[in-house]
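The values are calculated or read from the model by the stated rules, or taken from the named source; none is laboratory data. Everything quoted here is computed from the prediction, not taken from an experiment. Every residue, glycine as well, gets a Cβ built from its backbone with ideal geometry; the counts of neighbours run over all protein chains shown. The protein model used for the area step is the full one, side chains on, heavy atoms only, and it has no ligands, DNA or RNA in it. Shrake-Rupley method; radii C 1.70, N 1.55, O 1.52, S 1.80 Å.
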Amino acid sequence: MQPKYIIDDTEYLVTPIRRTDSIVLDINGHTQDVRLKWHDEHYGEITIAGKPSQFYAAQDEDRLYIHIDGKVWEVNIADEFGATQDDGNSSGNVTAPMPGVVIEVAVNQGDSVNQGDTVMLIESMKLQTEIKASVTGTVTSIGSEAGASFNKGAVLVSITAEEQS
Amino acid sequence: MTAEPLFKKVLIANRGEIALRILRALQAMEIPSVAIYHSSDRHSPVVRLADEAVEITGDSPSSAHLDVEQIISICHELEVDAVHPCYGFLSENAKFARALNDASIAFIGPSAEVIELMGDKITSREFVEQHGFPVPPSVSLDADDAGFDDAIAAMQFPLVVKASAGGGGKGMSIVHSVEELQSTLRIAASEAEKYFGDKRVYVERYFSSARHIEVQILGDGENIIHLGERECSIQRRFQKIIEEAPSPAFTQEKRDQICETAAGIARAAHYSSAGTVEFLYTPEGEFFFLEMNTRIQVEHPVTEMVYNVDLVQEQIKIAAGKSLDIKQADVSMSGHAIECRLCAEDAFNGFLPETGKVLYLKEPTGERVRFDSGLYQGQDVTTAFDPMLAKLIVHADTRDQAIHGSIKALKQLVLLGVKINTQYLINVLSHPAFKTGNIDTGFVSTFIDDLKVDSTSQEQLQSVLATAYLTDRNTKLLLDATPEPYAAIGNWRN
C-alpha cells in the first residue's frame, strides 16, 4: 500500500525506506530520519532530523487532524487508487455551497427558469442567501423543501438545460 | 454566603458556553440550578453539572429553546422561581418576561416594559432622541409607505438595512444604490420575520470607517452605573469576533463623555439589570446611539476582567430585588482584556460554517487566561445552533501584553475534528494595524488579503506528513505486522 495524503487539494506521498530504532521516510521527495513517541493517546513528539516537535493527532475514518506549532492541518488519506473527485455542476444541478436550511422554494417542478433566476432562499447560520439557476431550462426536481436541512454539496434543484435551436 | 439563597431554584434557558457560565455563578451563590437541553446536547457539560436537567423538544433544536409554554411548565413542575435567559433565544423577548412575571417567576433581566422600549431598535432610537442623546440619520418608514423613496433619496449612500427587532447581526445588510435596496429590503424583512416574528425594518446611514463602541451598564432602576466601554470593531458579517476593554481610541475625557451618555440613557429608562448601550464612534470623535442590548452579552467577560466585577452575579442579585450595592466611585478599571470568539467556520473561505465532531480538545490555560466554553470531546457540531463554540479571554497589564498572551493561548488551544477560526484570529491579532489600535468596523474587509495568509513552511509540511503517516491507523497496522529486519539482523550477529 502506498498512502497518499491530501492537504488543501495538493497530494503528497510518504514512503517508508527502512526502519531501525528510527524510521527513514521519503517525505514528498525528502529523505528524513524520523522518530515518533506517544505521550498519550492523542499527544506525542515527532523528531525529524534531530529536531523535536510536539503534536496532537486524531483520526476520523480517512481524515487526520494534526496540530503542530499552534496550527491544525486537515489531512485526507487517499489510497493508491486515489479518491474519485466529483466535479459536479456540469449539468444544471444547483448544489448547496454550505450546509443549511431551506427557507423558501421559489419554483415548482416543471417550471421554466432563466439563468440567474432565484430558485430558492436558503439560510446557513445567520445568513440568508438566494440560490440562482445556473442554466436556462426546466426544473426537473427539487431536492429539499422549505424547512428541510441539507449538507454542503447536496443537490438543491435540478434543471434540464434548454435545447439551443 | 448568607444562609438563605436569593432564589429557591433558577432555570438556565440556554445552552453552550453561556449556560455553563450562568451555572458557575449560581453555584458560587449556592443557588440550585436546572438546565434545559435539546437531545442533541444531552452530553454537554451544563447538563451534567446542573443540579437538575430536563429535556425539551421541538421541531428543531432552536425551536425547543424558543418554546415559552414548555419552559414555563417545566418551571412549575420543578418549582423554579427564576429564569436566566442568557443571550439569544428568549433573552430579549418581552412576551417571555411578561409570561414569567404572570406566573410569579422572576426573569433575570430588565422588566418586560423596558425590553419593549429598549430592545426594539425603532422605539429605542425615538426614546433616546427624545431625551436629547445623539442618534445617526435614519428612515424608519415601511418600504410600502408613501414618502419612503423621497426619504431615501435625501440620505447619502451607503445605507444599512436593519431589522427593528434584530440583534447580533441578523437581518442586516449594506446597500450601495437605490437599485439594490428593493431586494435587500425583501430579504431583510423575511429574515426579520423568521427570527424575530416582526418584519419591520429600517434604513440608516452607514459609516464605513466608524468604530463600534459599547458601554456596560449595571442598574437597579435607581442606582445606575457604567463599567466602561468595550471596543467591538473587529467584525465579520456584522458579528463581532474580537472585543477588548478598554478601547484604544479614547482619551479619559472622551471615555467619560460616552460612558456618561450611556448611563444617562439607562437612567432615563430606569434600567434594572445588566445591559449594554451600543454606539458608533466616527473618526471625527462624534458618537451616535445605535441600540441597547437588554441582556448579558457574549463579550461581557472583558469587562469583568478589567473591572473585577461578576456581572452575572450582580444580575441575579438585582433580579432578586436587592439594590445594586456598587457605586460609580467604587469601580475602576485595571489593565487590558481581549476576547476572541472561536467559531466553527472556514475563515479563509468566506467564513462559511463548518460542521464535524470534536475528536480531541485541550483548552488553553494560564494566569489571567479565561476559556468560556461548552465544548466537550465527542460533541457533534452542526448548523442547528450558532457557530460560536467558545471564547478565549486574556487579561494583562497592557494592550500589547494582552495581544501577545492571546496569540500564545490561541496556539495552545487544540481542537481536532472541526475547523475553527483560530489561525484567522491569530492573523488579526498579529496585524500591524491591529497592534496600533487604529481599527474600525471595516478592518476585516480593508485587510482581507493580509488576513488570508495561512502559509505552511516546508519544515512544517514535513512534520505534518511524517506525523500523518506514522499516526495513520493503516500505517500502524502495517508497522505492527511487519517484522523489523534490522533488529533481526542484529540478533543474528550477536
Please tell me which of these pairs span more than 28 angstrom C-alpha to C-alpha: B:Lys95/B:Lys194; B:Lys317/B:Lys357; B:Lys170/B:Lys391; B:Lys95/B:Lys419?
B:Lys317/B:Lys357; B:Lys95/B:Lys419
Assigning unit charges at the beta carbon (Lys, Arg +1; Asp, Glu -1) and nothing else, what dipole magnitude in debye, to the nearest 20, does the protein assembly as shown show about its Cα centre?
1660
What FRET efficiency do you get for A:Arg35 and B:Asp449 if R0 is 30 Å and r is their Cβ-Cβ distance, rounded to the nearest 0.05?
0.15
Dipole in debye (nearest 20) - chain B, about Cα centre, beta carbon charges: Lys, Arg +1; Asp, Glu -1
1420
Interchain or sequence-distant (5+) residues whose placed amide H lies within less than 5 Å of the amide H of B:Ala53 are B:Ala35
If r is the Cβ-Cβ distance from A:Ser112 to B:Asn438 and R0 is 60 Å, what FRET efficiency results, to the nearest 0.05?
0.65
State, to one decimal in nm, how far the label point of B:Leu49 lies from the label point of B:His76, with both points 7 Å from Cα in the Cβ direction.
3.2
Suppose each label sits 7 Å from its Cα in the direction of the beta carbon; what would the A:Glu145-B:Ile326 distance come out to in nanometres?
5.3
Those GluC sites (Glu not before Pro) in region B:179-275 that DSSP places in a loop and that have at most 13 other beta carbons within 10 Å:
B:Glu222
For B:Glu180 and A:Gln54, extending 7 Å from Cα along the Cα-Cβ vector and measuring point to point gives, in nm, a value of 4.6
For region B:93-167 and region B:207-261, what is the centre-to-centre distance using only Cα atoms, to the nearest Å?
20
Alpha carbon centre of region B:421-446 versus region B:459-473: separation in Å?
31
Listed residue (B:Pro110, B:Gly442, B:Ser323) projecting farthest to the positive dipole end of chain B, Cβ model:
B:Gly442
How large is the helix-only mean residue ellipticity at 222 nm for chain B, computed as the sum of -39500 (n - 2.57) over DSSP H runs with n ≥ 4, divided by its residue count, in deg cm²/dmol to the nearest 500?
-11000 deg cm²/dmol
Cβ-Cβ FRET estimate between B:Asp256 and B:Glu286, R0 fixed at 25 Å, reported to 0.05
0.95
At least 10 Å² of accessible area lost relative to the chain alone, listed for region B:186-202 with a 1.4 Å probe
B:Arg186, B:Ile187, B:Ser190, B:Glu191, B:Lys194, B:Tyr195
Please list, in order, the residues from region B:78-99 whose amide nitrogen is less than 13 Å from a point placed 7 Å along the Cα→Cβ vector of B:Val68.
B:90-99
